[in-house]
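Reading through the structure tokens given below for one structure.
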Amino acid sequence: MNSQTSKQARFSLMMLMQYFTRGAWFVTLGTYLGKTLEQPGTFIGFSFSLFGIGAIISPFFVGMIADRFFPTQKVLGVLNIGAGTLMLLLSQVTDPTTFIWTLFVYCIVYTPTEALSNSVVFHHLPRRFFAYVRLFGTIGWVFAGLAVNMILGRFVVNVEATAVPLVMSAVASVVLGLYNFTLPSTPVKNGGEKIGIKEVLGLEALSLLKERSFTVFLGASLLIGIPIQMYFAFFNMFLNDIGVENVASKMSLGQVSEAAFMVFVPLLIGKVGLKWMMTLGLAFWSLRYFMFAGISVNAEFLIIFSILIHGACYDFFNVTGSIYVDLKAGERYRSAAQGLFMLVFLGLGKFFGSNLAGLISEWHPSVSAEQLYDWSGIFNTTGIITAIVTVMFVLSFHDRQKYDLDKVNG
């Protein structure tokens, strides 16, 4: 096995473990908080919004501290071991205030690891290999969902409503941290170039906001956080609430479809264009929530189908959006523009989307003693909001510039 092949294999394992650690707890947390700790929807929404705060703070750590003073693989090792320790503590906490603060610190520690993992791969491998390595991250998330039901579920009754998935994540995170120390060295950047807040947060790209369509795109990127976070925070709880079995395993099919639909993105962009590709992504989110509203425990086909279109929802808007940002910014503002997009989409979008999802759930209390919420009302409301965002995007986004999608950007 040559050096490059060996590195690709090692980084693929790293990426698999990286997303296994988050997939192990992220999908089931809402069910654990709602059913076992008996917390309201606003608490659940706020808990998930902490990941958005982590995404906002992460660029400061990555861009200004981590890879400029310490070898990246060692930073990853320390952070992942720290994250695992915090997750283990979190699994033992039942007091709401202590839980929030522990989760907050965890998100601050964990969030930079995803960007740093990408950085390590880009340093050691040609860019064309990244997609293949990143695919193992999706596989890791799928494995985590399967492990919750197929392994932990054999020993723990109603495992998704317990803290056991958090413990599994903690153990995996510590193992990953130890593995990080064995990776090829990624040296400190010694270019001497100073990096300020403007560069880290992508504020240099604010000049792009002079164009109405780019501003509309960022607005849609912020608002799409509502259906995305509603899905991750409450859909697992919903399926468990109506009596569906092996929910985590079923939801892992969403990540499988995410990988599958990725193949169609460049093909469809060439057919329908950037605007209508992103519109399709928004429209699929709206359609999906109206489908959720009609789900019952016996509607197995509808459950599986609504999960499988996750890839169309996420890839058609998010991946196409990243391409649009790259084309719009050009070489001069490329990094800054992508940073601004991630700040809005992953940071502010997650924060506001999660909290609004929590509020929407509280607007629809249960109409029966058998369920925690009026799920049909929650999902119809989310579907209507997303439909309004879709219509506003279609009417307001008018970027008529022609882009060369085949051009290689240096």
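Descriptive notes on the structure:
- Among the residues making up segment 262-282, those that are touching a helix residue (DSSP H, G or I) at 6+ places or on another chain (Cβ under 7 Å) and either among the charged types (D, E, K, R) or at pLDDT below 90 (or both) are M262, V265, L268, I269, L274.
- Filtered by the rule that a residue be among the aliphatic types (A, V, I, L, M) and either outside any helix (DSSP H, G or I) or in contact with an Asp or Glu (Cβ under 6 Å, 6 or more places away or on another chain) (or both), segment 118-167 gives L125, I151, V156, V157, A163.
- Once segment 5-40 is narrowed to residues that are farther than 20 Å from Y373 by Cα, of a type in the set (A, V, I, L, M) and in contact (Cβ under 8 Å) with a residue 12 or more places away in the chain, the residue that is surrounded by the fewest Cβ atoms within 10 Å (Cβ to Cβ) is L13.
- Matching option when the condition is in the same structural domain as F235 (by TED's automatic domain parsing), in contact (Cβ under 8 Å) with a residue 12 or more places away in the chain, of a type in the set (A, V, I, L, M, F, W, C) and surrounded by 22 or more Cβ atoms within 10 Å (Cβ to Cβ), among A293, A337: A337
- Test: residue in segment 68-82 that is surrounded by 20 or more Cβ atoms within 10 Å (Cβ to Cβ), under 19 Å from Y19 (Cα atoms) and modelled with pLDDT under 85: yes
- Options S185, S173: the member that is assigned by TED's automatic domain parsing to the domain that holds A24, at pLDDT 95 or above and not hydrophobic (A, V, I, L, M, F, W, C): S173
- Residue pairs meeting the criteria (Cβ under 8 Å; at least 6 apart or on separate chains; first in the same structural domain as S361 (by TED's automatic domain parsing), in segment 375-401; second among the acidic types (D, E) and exposed (fewer than 15 other Cβ atoms within 10 Å of the Cβ)): D399/E211
- Of all positions in segment 297-312, none carries a residue that is closer than 27 Å to H398 by Cβ, over 16 Å from the mean Cα position of the chain (by Cα), assigned by TED's automatic domain parsing to the domain that holds T381 and surrounded by fewer than 20 Cβ atoms within 10 Å (Cβ to Cβ).
- Among the residues of segment 166-185, those that are touching a Leu at 6+ places or on another chain (Cβ under 7 Å) and more than 13 Å from L79 (Cβ to Cβ) comprise L166, V167, M168, A170.
The values are calculated or read from the model by the stated rules, or taken from the named source; none is laboratory data. Remember, it's a predicted structure, so these values are computed and weren't measured experimentally. Heads up, the Cβs are rebuilt from the backbone with ideal geometry, glycines too, and the neighbour counts pull from every protein chain shown.
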